[in-house]
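The values are calculated or read from the model by the stated rules, or taken from the named source; none is laboratory data. Please read all numbers here as calculations on a predicted model, not as lab measurements. Cβ placement follows ideal geometry from the backbone for every residue including glycine, while neighbour counts extend to all protein chains displayed. Ligands, DNA and RNA are excluded from the accessible area calculation, which covers all protein heavy atoms including side chains. Shrake-Rupley method; radii C 1.70, N 1.55, O 1.52, S 1.80 Å.
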Amino acid sequence: MSQIVVLNAGGQYCHLIARRIRDMGVYTEIKEIDTPWEALAGVRGIIISGGPHSVYAPASPTMDRRLFSLGVPILGICYGHQLLAQVLGGKVTPGEVKEYGLAHLAVQQRETILEGLDACETVWMSHSDVVETPPPAFKVLASTPDCPVAAMANPQARIYGLQFHPEVVHTVSGQQILRNFVFTICRCQSDWDPKQTIPRLLATIREKGERKKVFFLISGGVDSTVAFTLCVKALGGDRVVGLYVDTGFMRQGETEMLQETFRRLGILDSVHILDASAEFIAALHGVYEPEEKRVRIGRKFLEVQERSLQQIYQPGEEWLVGQGTIYPDTIESGGSAHAAVIKTHHNRVDIVQELMQQGKILEPLVEFYKDEVREIGLQLGLPPAIVWRHPFPGPGLAIRCLCSREEAPLRFPADLSSLCQTYGMEGALAPLKTVGVQGDYRSYTDLVLISGQGSLEKLEDVSTDITNTIPTVNRVAYLVQARQGKRLRDMRVIRAEVTRARLDLLRQADRMVNEFLQEHDWQSRIWQCPVVLLPLRIEVGESIALRPVSSLDGMTAEYAKLPGPLVIQLAHRLLTLPGIDAVFYDVTNKPPATIEWE
Ligand code: XMP
């Protein structure tokens, strides 16, 4: 039974709230925002999440007002805060300034939900509307210069609202605030441990898979490996077939490593390996847009899967399709009723949605977060090398191989140039777009390239200044080194699509980077390091962008600040690859950029 329920208004960070509370050992579930009050009887606390809407917009998501009669503590965050204000008789207005990022919170009342905080706190904001007047019987606990009611409370009714996001790591006392709510206000018990859910998971798989067989696409990543292993344990090797598809978008040596893992686990016999690289690459012929790439890859997966299933199908058999989908995969694809689509996850393309409606998809890990999946994996006896692998997206290197419909020069607009000059740097607008996330929405906007002298630490200021000042820019990459000391002015974007030759080049670069990070003991200190191929040419080659990030869960991230000399050494190494003309370093956080470029 869930002690805390998070009502999902469609916010990016909704799952993060639940994860944080689960980390405290308190089982927490997510439910749709309009869940009827009867379904919430017995919970100890309710949190209403953020979301991409305005409370005063027609048809914006709202709550069942009878929830208040439960007498359970309620905490509204961001949209949830505004919704509580509106529903209880306060006033919400469009803010004069959109606040995205860090803000300084002046705490006027260090009590109840804000107990134990300092008078001035750093918090993470992501909103445009604001609560102008709190509802009657509420008092203002804290404010920022742009947000008069950043925290409010009605302690008698035990209802609280926060405009900022306590669940995001950048809110320094966020964990303290959530602990205040969960333990002091809601009086929850700490008794949740994901490892102990294994028997329940096995029982659920047996129940759903009764008299059925399960067909699994496995990628070699931790999620699908753990989900597949759970299914084999629950149903036995003869009722579970794993298909590993070599899409041509895999990293170097991936197939061999995977075979070795399954051999060690003693389940290699249940795994089929199929080289479908030619048809996957062909499916991307003439495709330049990231969303189109993702959709085509997702559909191709299903097509190959269906074909393979037909080959092994025996009359009278009923099959389920197994997937290693985890919680965050569903939210970023708009997995809840009110969320905006940031990226179409390959596990959530339309055919999968149809199969889900028919009850033919088995996703044993859909309720878990990455770190919980890792704990389950270790408990199942998976080797640490697999459990601690960096995340690798299902569409693989295809979404790290940027494409361009046409050849075009870089541009040096005056506003960008003068902004960069204040930092003693040069800046160019590349005619390439990449994906980002702003508020709760996806963006697909401009890439800025910068060059000049600067420590990686200092580049954060430049990058933040650029993305804040020029709203059409969501990503900034710093030129570390170019062939023969060439500069941004010597570069141009070339026409390019996903080809085997480009993938091979990217594979070599990716391997080189990963080996380098391993050698220098950085692999375990970062969340992941996508290596991206850019159709950006000086002479005959292309460019590489390094995207090392620190993150807790992939939902937000900071670019990892590797030591400068190390980055230069790595760039020199990459430039020894024929076909690489320049090396860039992505110096953008998430938001406003996403981790993957596409
Ligand atoms: P973004 O780029 O959205 O990535 O900031 C967040 C995390 O998700 C991974 N990612 C994916 N994983 N299939 C996956 O299995 C996908 O389609 C996909 N897209 C992004 C990404 O590598 C990062 O860890």
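Given the residues Thr556, Thr499, Thr464, Thr472, which is the only one that is within 23 Å of the chain's Cα centre (by Cα), more than 16 Å from the ligand (Cβ to nearest atom) and in contact (Cβ under 8 Å) with a residue 60 or more places away in the chain?
It is Thr464.
Mind telling me which of the residues Ala276, Ala283 ends up being hydrophobic (A, V, I, L, M, F, W, C) and within 19 Å of Gln311 (Cβ to Cβ)?
Result: Ala276 is the single residue among Ala276, Ala283 that is hydrophobic (A, V, I, L, M, F, W, C) and within 19 Å of Gln311 (Cβ to Cβ).
Among (1) at pLDDT 95 or above; (2) open to solvent by 10 Å² or more (accessible area, probe 1.4 Å); (3) away from the ligand (no atom under 16 Å from the Cβ), there is one condition Glu596 misses while meeting the rest; what is its number?
(3)
Filter the strands (runs of 3 or more DSSP E) completely within the stretch 17-133 down to those with at least 3 residues that are open to solvent by 20 Å² or more (accessible area, probe 1.4 Å).
Filter on the stretch 17-133 gives 28-32, 91-107, 120-133.
Residues being over 17 Å from Arg525 (Cα atoms), of a type outside the set (Ser, Thr, Tyr) and open to solvent by 20 Å² or more (accessible area, probe 1.4 Å): count how many of those fall in the stretch 543-588.
Looking only at that region, the number is 8.
Output the residues belonging to the stretch 559-583 that are within 16 Å of the ligand (Cβ to nearest atom) and closer than 19 Å to Leu432 by Cβ.
Scanning the stretch 559-583 gives a single hit, Tyr559.
Between residues in the stretch 310-322 that are in contact (Cβ under 8 Å) with a residue 40 or more places away in the chain and residues that are outside any loop (DSSP other than H, G, I, E, B) and of a type in the set (D, E, K, R), which pairs lie under 6 Å by C-beta distance while being six or more apart or on different chains?
Filtered contacts from the stretch 310-322: Glu317/Lys213; Trp319/Lys213.
If I filter the stretch 381-426 down to residues being within 25 Å of the chain's Cα centre (by Cα), away from the ligand (no atom under 16 Å from the Cβ) and of a type in the set (A, V, I, L, M, F, W, C), which single residue comes out as farthest from Gly253 (Cα to Cα)?
Filtering the stretch 381-426 for residues that are within 25 Å of the chain's Cα centre (by Cα), away from the ligand (no atom under 16 Å from the Cβ) and of a type in the set (A, V, I, L, M, F, W, C), the one farthest from Gly253 (Cα to Cα) comes out as Cys403.
Spot the failing condition for Glu210; the list is (1) farther than 27 Å from Asp553 by Cα; (2) touching a residue at least 40 places away in the same chain (Cβ under 8 Å), and only one is missed.
So Glu210 meets the others, but not (2).
Would you call Arg492 among the charged types (D, E, K, R), within 30 Å of His285 (Cα to Cα), in the same structural domain as Tyr559 (by TED's automatic domain parsing) and away from the ligand (no atom under 16 Å from the Cβ)?
For Arg492, the condition - among the charged types (D, E, K, R), within 30 Å of His285 (Cα to Cα), in the same structural domain as Tyr559 (by TED's automatic domain parsing) and away from the ligand (no atom under 16 Å from the Cβ) - is met.
Have a look at Thr255, Thr225, Thr247 and point out the one that is over 25 Å from Glu367 (Cα atoms) and within 16 Å of the ligand (Cβ to nearest atom).
Selected residue: Thr247, the only one of Thr255, Thr225, Thr247 that is over 25 Å from Glu367 (Cα atoms) and within 16 Å of the ligand (Cβ to nearest atom).
Of everything in the stretch 136-168, what is among the hydrophobic types (A, V, I, L, M, F, W, C), touching a helix residue (DSSP H, G or I) at 6+ places or on another chain (Cβ under 9 Å) and outside any strand (DSSP E or B)? Give them in sequence order.
Phe138, Ala157, Phe164, Val168
Where in the stretch 373-470 are there helices (runs of 4 or more DSSP H), lying wholly inside it, with at least 1 residues that are over 30 Å from Gln323 (Cβ atoms), open to solvent by 20 Å² or more (accessible area, probe 1.4 Å) and touching a Lys or Arg at 6+ places or on another chain (Cβ under 9 Å)?
Filter on the stretch 373-470 gives 459-469.
If Arg307 meets every condition in (1) open to solvent by 40 Å² or more (accessible area, probe 1.4 Å); (2) in contact (Cβ under 8 Å) with a residue 60 or more places away in the chain apart from one, which number is that one?
Failed condition: (2).
Here's the yes/no breakdown for (1) surrounded by fewer than 21 Cβ atoms within 10 Å (Cβ to Cβ); (2) more than 20 Å from Glu354 (Cβ to Cβ):
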site: Thr229; (1), (2): no, yes
site: Ala234; (1), (2): no, yes
site: Arg263; (1), (2): yes, yes
site: Gly266; (1), (2): yes, yes
site: Tyr288; (1), (2): yes, yes
site: Glu291; (1), (2): yes, no
site: Val295; (1), (2): yes, no
site: Gln314; (1), (2): yes, yes
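Here is a list of conditions, (1) without any contact (Cβ under 8 Å) to a residue 40 or more places away in the chain; (2) under 13 Å from Gly221 (Cα atoms), and Leu258 meets all of them except one; can you say which number that is?
(1)
Out of all the residues in the stretch 135-182, which are polar (S, T, N, Q), over 24 Å from Thr556 (Cβ atoms) and surrounded by fewer than 18 Cβ atoms within 10 Å (Cβ to Cβ)?
Selection gives Gln156 alone.
Quick check on the stretch 178-226: of everything there that is closer than 30 Å to Gln310 by Cα and of a type in the set (Ser, Thr, Tyr), which residue is modelled with the lowest pLDDT?
Ser219
Restrict the check to the stretch 355-372 and report whether at least one residue is within 17 Å of Lys300 (Cβ to Cβ), surrounded by fewer than 20 Cβ atoms within 10 Å (Cβ to Cβ) and modelled with pLDDT under 85.
yes
Among residues belonging to the stretch 506-534 that are away from the ligand (no atom under 16 Å from the Cβ) and part of a loop (DSSP other than H, G, I, E, B), point out the one that is nearest to Leu449 (Cα to Cα).
Looking at the filtered set, the residue picked out is Trp522.
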